[in-house]
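Visitor: Below are the structure tokens for one structure; questions will follow.
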Amino acid sequence: MSRKYDTVIGLEIHVALLTESKFLCSCSTEFGAPPNSHCCPICLGLPGSLPAINAKAVEYAVIAGSALNCVINPFSKFDRKNYFYPDLPKAYQITQDAYPICGPGYLDYYVQDKLERTKIVRIHLEEEAGKLIHSGESIIDSEYSLVDYNRAGIPLIEIVTAPDITAPEQARLFLEQLRLVMNYIQVSDTKMEEGSLRCDANISLKPKGSPVLGTKVEIKNLNSFRALERALEFEKERQREVLEQGGQIEQESRTWDERAGKTMTMRSKADAPDYRFFPDPNLPPLNLDPVWIENLKKSLPELPLERLHRLKDQDRLSHYEAAFLVNYPDFGDLFEKVKVTFPEPKAIVNLLMGDYARLAREHGHLNPVRLGELLQLLADEVINKNQGKDILEELFKTEEDSPAEIVEKRGWRMLSDAAQLRKVVEGILADNPDLVGRFRNGENKLFGFFIGQVMRATEGKADPEVVNNLLREELEGGRN
Amino acid sequence: MKKLAYLLQSKQVSSIELVEKYLAQIEASEKKLNALITVDKKGALQAAREADQRWKKGENRSPWDGIPIVLKDNISTRGMRTTCASKILADYVPLYDASVVTLLRKQGLPILGKANLDEFAMGSSTEYSSFGVTVNPFDGNRVAGGSSGGSAAAVAAGETPWALGTDTGGSIRQPAAFCGVVGLKPTYGRVSRYGVVALAPSLDQVGPLAKTVEDAAILFSILAGTDPKDATSANAQEFNVPNWDDALIKGLKIGIPKEFFGEGLHPEVEEAVRRALQILEEEGALLVPLSLSTNVYAIDTYLTIVTAEASSSLARYDGVRYGQRKEGADSNTMFAKTRGEGFGAEVKRRIMLGTYVLGAGHYEDFYEQAQKVRTLIKDDLQSAWEKADLIITPTTPTTAFKIGEKRNPLEMYLSDLYTAIANLGGIPALSLPCGKDSRSLPIGLQIMANHFQEELMFQAAYFLEKKLLGRA
């Protein structure tokens, strides 16, 4: 980034709540059902229908707010946001304008190994719109469009951050951490590709160190974490060029074109609609019991950052290892279970981050008890690493036999008997007199070759340490 | 109604006979009145047949099983078109019943048809209907009032024993007064609004219209109660028809707000109301002069809130999902053409006004200001209840006016001068016939009570009705 400007970024994130029924009616929120099969008079906005708040959505919003360290407002209200669009059944969206359910909070997260904090301004509850399906590429070049109202009325929370973020990468890392938090507290499945996590970004530049914010531009249509970062990078450069050429930034909404890799004007400030917010007369204000709020706060699960610090401080894992377990909570949970029977954090995480991760992504996770048994065999030097890998692959085929039973059945027990191994070593040296000569003349790298030969001769069962010692004895003893 | 119930119970009359009798009356008077938009002959007769079967087996759903009813055409009826007297919903057939309709069906009431109204209940004369004006049964040149003009006229003309209306600023009470029937606007939230097409949700209430106070009370007892589908009915209480007791009148404090007896009130209306007050006084009631000075702001406040809420509530008629659609090159053109052709002039006027008062830069001056005044009006009413148990006023300044007489919308809005305050305050109010003017047009008297005090209001109305009828 240019040394002349500071980048200022704020995000508005929509998270679809994972309630079983919609926000204001009892229709199912199931994704992928046939179009318009989860609809009723309420979510279709039929004349005379009235909304009724889903208590579960309120609970999830309070849990989300608590996890983001927000003030939970015992009193909040619902407003109408009025605008016409074919996907909006009532031609107004029920949302919270003046009195949102959650006030200020923050989220801490790492950018590389530096802990950053981004402030949350507010979180409010609102309803989702339907989904337009165009006959052409977009609404502009389509002959007709169809509307699927299955999505209409699904509860959303909108999380608004302060303009605290200073770089596109940081914005992405913030959103990734936010997503992780939402997953940990199980209020949303946060699938960007299904639209259950969406993000709009505001970005402006200002002269380095200036307290005055520049004119901001809103970017929409950011459908992935990568898109968020790329769009912000593009926009930052675009704004810098405009400013450096003495131009001014127009306040506007721009859309991200993934294929073209650039943002394009969508709507200028002059065209911004007047939403005519006013309190929805059909919904009385929410009055939440402070005791109920406290209880929800107390019942929060361990959050990603807490877990990261615990893994680093108590389990003595590296930042990298801990982050792996935190970012893949299924691995994190498995780690905890294995630790019950085999309390060696480092060994467990090494196993999980190695071949296991690749195999588990393909086949699903193994029983933590079996993994504990495997780790124990390795620790007891009953088997070597190669054998460990073979046993792992066996376990992914069937977990019927324990690692110890596999060792017995296949005879994969590690060969540590020095006398037995010495014979093998002597045999190999006798078969390769040329190479022995070259090693003794200083070609050290041939040591690895001899080890490989011994392992091959013992079908990988040899204890590498014993082999190592024997070879050094035999070879170096006769070195010139 | 008790008589009809007795006749049904004692098998002296069948539901079929009742329904046929009312259908015959509809046939006879509709050409002149135009009180109904839809008559469901087949459905009503079918429901009557079923009611008769139940009576035969002794499985009647209620004492009123088989006594038919008419509903204002802004109350959703499953399978029966619900037009709101608007072109935009002329062919709209709801997929569901309003909660009040479910309650009526549970009691076994056959639905004769749907009554005319001002388009989307915006008006005070039923002249703003896309289905033609409803005529006053007492005078063919005069309006039936509105917006529940069809319901009131149908009851007055004997097309139905009772009817449902809706009241946002006087839309049950004013036509009840003009047509000489009893009409109740219940406490806000006491009757479910689920399925009742919204005009202004913070003011709308469904209520009964009937020939007598007791009939209105019986119908109200069917309607009142909490409905989980209407969040604003959360604290609603049920209502039981009381044992009528004249002794309650003695010592009852009747508030007489001077602002409701001032300029603009027709002398004949005032005389009739004063006569009724005298009857109460003779029975031992105490007449308490008081002031509701904030009522001068009631109409402006009411119009600001109504237009604001209506502009949003009616936005959904965009041609996308149901109702009339006029195609356009893009969605905005389609919205504009659909709404431009579908709505009548008064509806457009109110949507424009409402859009303005909610707009950026106007909200604080208009909508927010109106909400503050609304609070003052509520406070004013609250202090009145410290002095009086009930408040009695005329329902309207005049009796029914001539069709076409009020050409200026502002003049029309003043029809709600005495009634809008009850909607702004959320209190119950009832209109009761209290005599006739020199043209033999009915005069209405309004009784208002504190929240959920419908029972006391009914007691006073019942007593007055008895005395007034005795004198007539």
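Visitor: Which residues, taken from the stretch A:11-27, are outside any strand (DSSP E or B) and either closer than 20 Å to A:Arg117 by Cα or in contact (Cβ under 8 Å) with a residue 60 or more places away in the chain (or both)?
Guide: Hits for the stretch A:11-27 are A:Leu17, A:Leu18, A:Thr19, A:Lys22, A:Phe23, A:Leu24, A:Cys25, A:Cys27.
Visitor: Name the single residue that is farthest from B:Met457 (Cα to Cα) among those in the stretch B:232-272 being under 21 Å from the mean Cα position of the chain (by Cα) and among the hydrophobic types (A, V, I, L, M, F, W, C). Show your work before the answer.
Guide: Of the stretch B:232-272, the ones under 21 Å from the mean Cα position of the chain (by Cα) are B:232-233, B:236-241, B:260, B:269.
Next, only the ones that are among the hydrophobic types (A, V, I, L, M, F, W, C) stay: B:236, B:239, B:241, B:260, B:269.
Working: B:Ala236: 17, B:Phe239: 13, B:Val241: 12, B:Phe260: 18, B:Val269: 21 Å.
Filtering first and then ranking leaves B:Val269.
Visitor: So if I check each of A:Ile406, A:Ile391, A:Ile428, which one is assigned by TED's automatic domain parsing to the domain that holds A:Glu465, open to solvent by less than 30 Å² (accessible area, probe 1.4 Å) and part of a helix (DSSP H, G or I)?
Guide: A:Ile428
Visitor: Separate question: For the list (1) in contact with a helix residue (DSSP H, G or I) (Cβ under 8 Å, 6 or more places away or on another chain); (2) open to solvent by less than 10 Å² (accessible area, probe 1.4 Å); (3) at pLDDT 95 or above, I need the number of the one condition that B:Gly146 fails.
Guide: The failed condition is (3).
Visitor: Which residues, counting only those in the stretch A:139-165, are open to solvent by 40 Å² or more (accessible area, probe 1.4 Å), of a type outside the set (A, V, I, L, M, F, W, C), within 12 Å of chain B (Cβ to nearest Cβ) and in a loop (DSSP other than H, G, I, E, B)?
Guide: Within the stretch A:139-165, A:Asp141, A:Glu143, A:Tyr144 meet the criteria.
Visitor: Here are the criteria: (1) in a loop (DSSP other than H, G, I, E, B); (2) open to solvent by 10 Å² or more (accessible area, probe 1.4 Å); (3) at negative phi. Tell me which single one A:Gly32 does not satisfy.
Guide: (3)
Visitor: If only one of B:Thr166, B:Thr160 is in contact (Cβ under 8 Å) with a residue 60 or more places away in the chain, surrounded by 24 or more Cβ atoms within 10 Å (Cβ to Cβ), of a type outside the set (A, V, I, L, M, F, W, C) and part of a strand (DSSP E or B), which one is it?
Guide: Going through B:Thr166, B:Thr160 in turn, the sole match is B:Thr166.
Visitor: Could you say which residue among A:Ser188, A:Ser210, A:Ser204 is out of contact with any His (no Cβ under 9 Å at 6 or more places or on another chain), of a type in the set (Ser, Thr, Tyr) and under 22 Å from A:Gly32 (Cα atoms)? Full working, then the answer.
Guide: Values: A:Ser210 fails: under 22 Å from A:Gly32 (Cα atoms); A:Ser204 fails: under 22 Å from A:Gly32 (Cα atoms).
None of the other options fit; the residue is A:Ser188.
Visitor: In the stretch B:387-472, which helices (runs of 4 or more DSSP H) lie fully inside it and hold 3 or more residues that are crowded, with 23+ Cβ neighbours inside 10 Å? If you could, list the steps in order and put the result at the bottom.
Guide: Values: elements: B:409-413, B:420-425, B:454-471.
Per the criteria, B:420-425, B:454-471.
Visitor: Step by step: first the residues of the stretch B:36-59, then only those that are farther than 21 Å from B:Arg78 by Cα and either among the aliphatic types (A, V, I, L, M) or touching a helix residue (DSSP H, G or I) at 6+ places or on another chain (Cβ under 7 Å) (or both), then the one that is surrounded by the most Cβ atoms within 10 Å (Cβ to Cβ). Which residue is that?
Guide: B:Asp52
Visitor: Further, regarding this structure: Taking the stretch B:19-35 only, how many residues are open to solvent by 60 Å² or more (accessible area, probe 1.4 Å), out of contact with any Asp or Glu (no Cβ under 9 Å at 6 or more places or on another chain) and either in contact (Cβ under 8 Å) with a residue 60 or more places away in the chain or hydroxyl-bearing (Ser, Thr, Tyr) (or both)?
Guide: Count: 1.
Visitor: Anything in the stretch A:53-83 that is more than 25 Å from A:Thr190 (Cα to Cα) and at the interface with chain B (Cβ under 10 Å from one of its Cβ atoms)? List them, or say none.
Guide: A:Arg80, A:Asn82, A:Tyr83
Visitor: Here is a list: B:Ala310, B:Ala315. Which entry is in contact with a helix residue (DSSP H, G or I) (Cβ under 6 Å, 6 or more places away or on another chain), surrounded by 19 or more Cβ atoms within 10 Å (Cβ to Cβ), within 14 Å of chain A (Cβ to nearest Cβ) and modelled with pLDDT of 95 or more?
Guide: On inspection, the qualifying residue turns out to be B:Ala310.
Visitor: Please find, within the stretch B:321-348, the residue that is nearest to B:Thr83 (Cα to Cα) out of those that are within 12 Å of chain A (Cβ to nearest Cβ) and β-branched (Val, Ile, Thr).
Guide: B:Thr338
The values are calculated or read from the model by the stated rules, or taken from the named source; none is laboratory data. Remember, it's a predicted structure, so these values are computed and weren't measured experimentally. Note: ideal-geometry Cβ built from the backbone for every residue, glycine included; neighbour counts use all protein chains shown. Quick note on the areas: whole protein, heavy atoms, side chains included, nothing else; ligands and nucleic acids left out. Shrake-Rupley method; radii C 1.70, N 1.55, O 1.52, S 1.80 Å.
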